[in-house]
Amino acid sequence: MRKKIVAGNWKMNTLVFEGESLAAQVVAKSNEVSGVSLVLAPPFTHLSSVAAGLKTSSVALSAQNCATEDSGAYTGEVSAAMLASVGVQYCILGHSERREYYGETDETLNKKLAVCFKNNLIPIFCVGEKLDERESNRHFEVVKAQLENTLCKLSESDYEKVVVAYEPVWAIGTGKTASPEQAQEMHAFIRKTLAAKFGDKAEATPILYGGSCKPSNAKDIFSKNDVDGGLIGGASLVADDFIAIAKSF
Ligand code: PEP
């Protein structure tokens, strides 16, 4: 059975004391969830103290990004080694907001994948098409290129560690969700594309759905065969909603 994961991407929200409290609320309710790994991705400034709060729980910690380089004169950047040193286990890479606002390219992402593996961070690698790409029926082509230029270039041993998140850009923070059928169709396509390179190993890859996922729609989306969990933005800022989503399996 594939690993089920529900990860909360807090983005640039909460002050440190609010983040500590949110994490504590998730930890307090995490025993209501079984068979699903919970992951929290707070901002960089919160990682150390949230790590301390998660220590005795099964809730894992993720960063939202990392630097391409190992160390050195890169003002404002945070390296994968620094993240690992405070207890971070996962790192979101290639989120559409990073691609769109910070110019992340496949080349940037390949460097970030490499530093994550070097520091034993599990990448949660985001792919997804924009609205005009879906409307012009290019969504499969776009996602295929995103995968072939990055994950498909990994060694098998690195690939085995990857978590993929399908996040249609038109569904992120918009309140519009992909229908369960649209999600399943793309998740199956992602798995097929990865299987063309990695064979049976793609069967074990968790593929999460992200995009306006909430307690009211999670059950239908998660009921689909190739949907192995969710990357949750807005709804992850409310502990009850985040836990309710994780209980939707
Ligand atoms: C995200 O940004 O990863 C996301 C899925 O956001 P939201 O759930 O708010 O659409």
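Each value in this text was obtained by applying a stated rule to the coordinates, not by laboratory testing. Just so you know, these numbers come straight off a predicted model, no measurement behind them. Ideal geometry is used to build each Cβ from the backbone, glycine not excepted, and the neighbour counts take in all protein chains shown.
Using bins of 10 Å that start at zero, the share of Cα-Cα pairs per bin across the range 122-176 amounts to 24, 47, 24, 6, in whole %.
The order of the peptides 59-65, 9-15, 91-97 by mean Cβ neighbours within 10 Å, most packed first, is 91-97, 59-65, 9-15.
So between Phe140 and Ala204, what do we pick up on full extension, going 0.36 nm a residue minus the alpha carbon distance? It would help to have the intermediate numbers written out before the result.
On the way: separation 64, 0.36 × 64 = 23.04 nm, distance 2.12 nm.
My answer for the length gained is 20.9 nm.
May I ask you to list the residues of the range 102-145 whose amide nitrogen lies under 13 Å from a point 7 Å from Cα along the Cα→beta-carbon direction of Ala196? From the range 102-145, the list is 140-145.
Taking a straight Cα-Cα cut-off under 18 Å and skipping sequence neighbours fewer than 8 places away in the same chain, the lysines within cross-link reach of Lys214 are Lys4, Lys11, Lys29, Lys176, Lys224, Lys247.
Ser49 sits among other residues whose Cβ lies under 12 Å from its own Cβ, and their net charge, with Lys and Arg +1 and Asp and Glu -1, is -1.
Contact order, relative form, for the range 5-133: 21 percent (alpha carbon pairs under 8 Å, 6 or more residues apart, mean separation divided by residue count).
When the helix-only estimate is applied to the chain (DSSP H runs of n ≥ 4, each -39,500 (n - 2.57), divided by the residue count), what is the mean residue ellipticity at 222 nm, nearest 500 deg cm²/dmol? Show your work: numbers first, answer last.
On the way: 11 runs with 101 residues, N = 249.
Taking each H run of at least 4 residues, the total per residue is -11500 deg cm²/dmol.
Normalised by the number of residues in the range 5-246, the mean separation of alpha-carbon contacts (under 8 Å, six or more apart) gives a relative contact order of 21 percent.
So for the range 134-249, what percent of the C-alpha to C-alpha distances run longer than 22 Å?
Numbers: 2201 of 6670 pairs.
So the pairs more than 22 Å apart make up 33 percent of the total in the range 134-249.
The spacing between the range 17-69 and the range 187-240, judged by their C-alpha centroids, is 20 Å.
Given Cβ point charges of +1 (Lys, Arg) and -1 (Asp, Glu) and nothing else, what value in debye, to the nearest 20, does the dipole of the chain about its Cα centre take? Provide the component values of the computation, followed by the final result.
Values: 26 positive and 30 negative charges, 92 e Å.
Taking the Cα centre of the chain as origin, the dipole is about 440 debye.
Which values, in whole Å and largest first, are the semi-axes of the equivalent ellipsoid of the chain obtained as the square root of 5 times each eigenvalue of the Cα gyration tensor? The partial results should precede the final answer.
Working: eigenvalues 123, 101, 57 Å².
They are 25, 22, 17 Å, listed from largest to smallest.
For the range 4-11, backbone phi angles converted through the Karplus equation (6.51, -1.76, 1.60; θ = phi - 60°) give residue-by-residue couplings of 9, 9, 10, 10, x, 9, 6, 6 Hz, Gly and Pro being listed as x.
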